[in-house]
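The next block holds one structure in the form of structure tokens; read it before the comments.
The values are calculated or read from the model by the stated rules, or taken from the named source; none is laboratory data. Being a predicted model, the structure only gives us computed values, none of them experimental. Don't worry about glycine lacking a Cβ; one is built from the backbone with ideal geometry, like all the others, and counts go over all protein chains shown.
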Amino acid sequence: MRIAVIGTGYVGLVSGACFSEFGHDVICIDMDTQKIEGLKKGKIPIFEPGLEDLVIKNYKAGHLNFDTNLQKAVSTAEAVFIAVGTPSRRGDGQADLTYVYAAAKDIAQNLSGYTVVVNKSTVPVGTGEKVDKIIRETNPKAQFDVVSNPEFLREGAAIEDFMRPDRVIVGVTADEAKDVMASIYRPLSLFQTPIVFTSRESAELTKYAGNAFLAMKITFINEMADLCERVGANVHDVAKGIGLDGRIGGKFLHPGPGFGGSCFPKDTRALFETSSMAGVPLNIVETVIDVNEKRKKDMAARVIAACGGSVSTLTIAVLGLTFKPNTDDMRESPSLDIIPELISAGASIKAYDPEGMKEAKELLSGVEFCENSYATLENADALVLITEWNEFRALNMDKVKSLMKAPIMIDLRNIYDPAEMRGYGFTYESIGRPTT
Ligand code: UDX
């Protein structure tokens, strides 16, 4: 199969590299010349474990190429994937589809022979139809079908998620398009991955429904964690207990400072907007959004309380800034709520993150960024752990304690054992676990 992928952001690049690993001939297109030239030299613009090796290997083998010119790639492709960004529109929270529609126009002008145009970007229900209309109006003679094929990649595990997905969702309107999509994903039949063919609208909605459900699970366990703290229960025991019920499942029940990232916040907002416009506002989704936003802000109050009610003269060490480990992505990270709140309460902040420092420096002002964990902890009055990077799991606690002015630790990801931390002499606070 010859495949063109428009957009070399997170989804486009991972999809392009993985399709080429499947054995297809892939050209990834982006308007950004610098990015394309960099990619040809093996320079990957995002941090994603395994991606660099995959790109370099398949580029050298000739299965994967990069170009700024869409014309040749589209005219020779059997399938063109639209993988451009769909950010939250300022003001109303709806997905901004400007880039998707612009890509549809560009594609339309260059189609030659029957081509399947695939929406890979996360787009609201009804977008497939609009893309179909744009292409038909721009190029009335074009032979094509528009398909919805949402991605379910987690940052930090994207290659694994693409190569071994739980399922592939494909929304189609014609058998010819179904055959092309079945050929593209045929390598997954080796693992008996279900390829679920649905209507285009169902596929579009499945992506949002999935993300909203997961966001709801996290929000549920986060609220449950607050209750556990009040009544002396342990949220991990409760999560395990309910998760063993096959109808609930144990994943996405880890409590924390609130979900962030490029998907859950944006997609829950967009789904709520879609549902409201359709006259069926999803109240549960609206509540998840509100509870999560409030939670991220409340984390600062939790830190202040752990420090005795005031941080105005204190230096606080923050470990972990990204919204989760194994990514350099800072989008909607809880750290962006917690740190400014602490600063406005008078605290001085020292911070470190293994991969997110570059982005963090652009987003957070008034923070002293440090070289590593131990430099961050030097002379700190308290430690706040925001992201559960592996390297924070194995800190030398004697050293940590000797570097800090006061042994106070607020672990917002529950990576340490409370009894052990108290054994080291820390005043240790975590989420949803008994304090004694
Ligand atoms: C998510 C979906 O998992 C993926 O299927 C979709 O395509 C894109 O959005 P991602 O945003 O990369 O992926 O990260 P994920 O691992 O799902 O975590 C999202 C947020 O939820 C993070 O802030 C994480 O810390 C938080 N989270 C996750 C929890 O707080 N508890 C959990 O148990 C799981």
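Residues that are surrounded by fewer than 16 Cβ atoms within 10 Å (Cβ to Cβ) and part of a helix (DSSP H, G or I) within region 145-181 comprise E160, D175, E176, D179, listed in sequence order. When restricted to residues that are near the ligand (Cβ under 8 Å from one of its atoms) and surrounded by 18 or more Cβ atoms within 10 Å (Cβ to Cβ), region 233-276 contains 13. Sub-8 Å Cβ pairs linking a first residue in region 21-40 that is touching a residue at least 60 places away in the same chain (Cβ under 8 Å) and within 22 Å of R164 (Cα to Cα) to a second residue that is among the hydrophobic types (A, V, I, L, M, F, W, C) and assigned to a strand (DSSP E or B), at least 6 apart or interchain, are H24/I3, ordered by first then second residue. Go through region 371-390 residue by residue and tally those that are of a type in the set (A, V, I, L, M, F, W, C), closer than 16 Å to D328 by Cα and surrounded by fewer than 19 Cβ atoms within 10 Å (Cβ to Cβ). Of the residues in that region, 0 qualify. Under the condition of being under 24 Å from the mean Cα position of the chain (by Cα) and β-branched (V, I, T), the residues counted in region 210-248 number 4.
Per the listing E78, E52, the residue uniquely over 28 Å from E359 (Cα atoms) and in the same structural domain as P124 (by TED's automatic domain parsing) is E78.
Comparison of L153, L205, L190 shows that the only residue that is modelled with pLDDT under 95 and more than 22 Å from G256 (Cβ to Cβ) is L190. The residues listed here are E223, E229; of these, the one that is farther than 30 Å from G126 by Cα, within 13 Å of the ligand (Cβ to nearest atom) and of a type outside the set (S, T, N, Q) is E223. Looking at this structure, is E201 more than 16 Å from the ligand (Cβ to nearest atom) and either surrounded by 13 or more Cβ atoms within 10 Å (Cβ to Cβ) or in a helix (DSSP H, G or I) (or both)? Spelling it out, E201 is indeed more than 16 Å from the ligand (Cβ to nearest atom) and either surrounded by 13 or more Cβ atoms within 10 Å (Cβ to Cβ) or in a helix (DSSP H, G or I) (or both). Taking the conditions exactly as written (of a type in the set (K, R) and more than 16 Å from the ligand (Cβ to nearest atom)), does R164 satisfy them or not? It is false that R164 is of a type in the set (K, R) and more than 16 Å from the ligand (Cβ to nearest atom).
I need the full set of residues from region 296-328 which are touching a Leu at 6+ places or on another chain (Cβ under 7 Å) and away from the ligand (no atom under 16 Å from the Cβ), in order please. Hits for region 296-328 are A300, V303, C307, V311, I316, A317. Residue count for region 88-116, restricted to those that are at pLDDT 95 or above, surrounded by fewer than 18 Cβ atoms within 10 Å (Cβ to Cβ) and not in a helix (DSSP H, G or I): 3. When region 367-415 is filtered for residues that are in a helix (DSSP H, G or I), more than 16 Å from the ligand (Cβ to nearest atom) and of a type in the set (S, T, N, Q), the ones remaining, listed by number, are S373, T376, S402. Here I284 meets each of (1) under 30 Å from V11 (Cα atoms); (2) within 12 Å of the ligand (Cβ to nearest atom); (3) out of contact with any strand residue (DSSP E or B) (no Cβ under 8 Å at 6 or more places or on another chain) with one exception, condition (2).
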